[in-house]
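So the structure is just underneath, and the comments pick up after that.
Each reported figure results from applying straightforward, stated rules to the coordinates on display, with no laboratory input. All of these numbers come straight from a predicted model, not from anything done at the bench. Using ideal geometry, Cβ is built from the backbone for each residue, glycine included, and neighbour counts are taken over all protein chains shown.
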Amino acid sequence: MAYKFVDNYREQGARKQLVRHLEKRGIEDKKVLAAIGKVPRHFFFDETFWNQAYRDIAFPIGDGQTISQPYTVAYQSQLLHINKGDKVLEIGTGSGYQTCILMELGAEVFTIERQENLYNRTIQVLPYMGYKPHFFLGDGSMGKPEHAPYDRIIVTAGAPFVPEKMLKQLKLGGLMVIPVGDEKAQKMVTILRVGENDFERIELDTFRFVPLVGDQAW
Ligand code: SAM
């Protein structure tokens, strides 16, 4: 497959404007803003739609899925408080854009996607762009116990509840960010593991994600 990866002044300028827009919307973490300013989001779009790539909107990527809205990516990334070298499990690779942002923040990323077409695309595109996470194909609703424990877990699809098995894969002091709700709307939830069986849960703003589909999901 031939990809067209050209980062012109027009796209670079649009990316800077997107960063300013996210700052105005309340994203304060300078490292997250720098990551958004660095990753060429238009590389995840067909060239015909490059003019849509730096709008603050989700966009179809095929197979009924979407590349998340930049604000949502920045919001989840900011909540994760990633430290350099953190082991991060990502459920729902999708386009791979969020994966690149996590890697720009210094994470070692283990990312799972259940849709084969999307998986096949990201395993080619991301390394070509210079990002080499650990890719997995399959149902991530039970986490990825073989590589646990993780410092951080991010779920990028809407879950009906917090999967218990995934929680147990957090390190002590580890943090999960997951949207939880019904098909129409989900609350962003953060869960901090404070003890072997103790977790602190905080509910934040409302979002609308595509559903998390699987054994411990819809
Ligand atoms: N953050 C991604 C991006 O920037 O492109 C967007 C992710 S998209 C909103 C959610 C993804 O989760 C979809 O690609 C979907 O196929 C995937 N997904 C849903 N349920 C899943 C599961 N149980 N395991 C792995 N991936 C899943």
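Tabulated data for the structure shown
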quantity	calculated
The chain, Rg to Rh (Cα coordinates; Rh as Kirkwood inverse mean 1/r)	0.94
Partners for Lys87 among lysines (Cα-Cα distance below 19 Å; same-chain residues under 8 apart left out)	Lys31, Lys132, Lys144, Lys165, Lys168, Lys171
11 Å beta-carbon shell around Gly174, net charge (K/R +1, D/E -1)	+3
Kirkwood Rh and Cα Rg combined as Rg over Rh, evaluated for the range 179-218	1.05
Separation between Cα centres of the range 202-218 and the range 150-175, rounded to whole Å	12 Å
Selected from Pro40, Pro179, Pro145 as most flexible by GNM, with the chain as the system and alpha-carbon contacts under 10 Å	Pro145
Residues whose placed amide H lies under 5 Å from that of Ala159, excluding near-sequence neighbours	Val180, Gly181, Leu212
Amide H contacts of Ala107 (H built 1.01 Å from N, under 5 Å, at least 5 apart or other chain)	Gly85
Nearby aspartates and glutamates by direct alpha-carbon distance to Lys16 (threshold 18 angstrom, same-chain neighbours under 8 apart not counted)	Asp7, Glu28, Asp29, Asp56, Glu104
Cα centroid separation, the range 37-100 to the range 108-126 (Å)	13 Å
Long-range Cα-Cα pairs in the range 25-125 (distance over 20 Å), rounded percent	34 percent
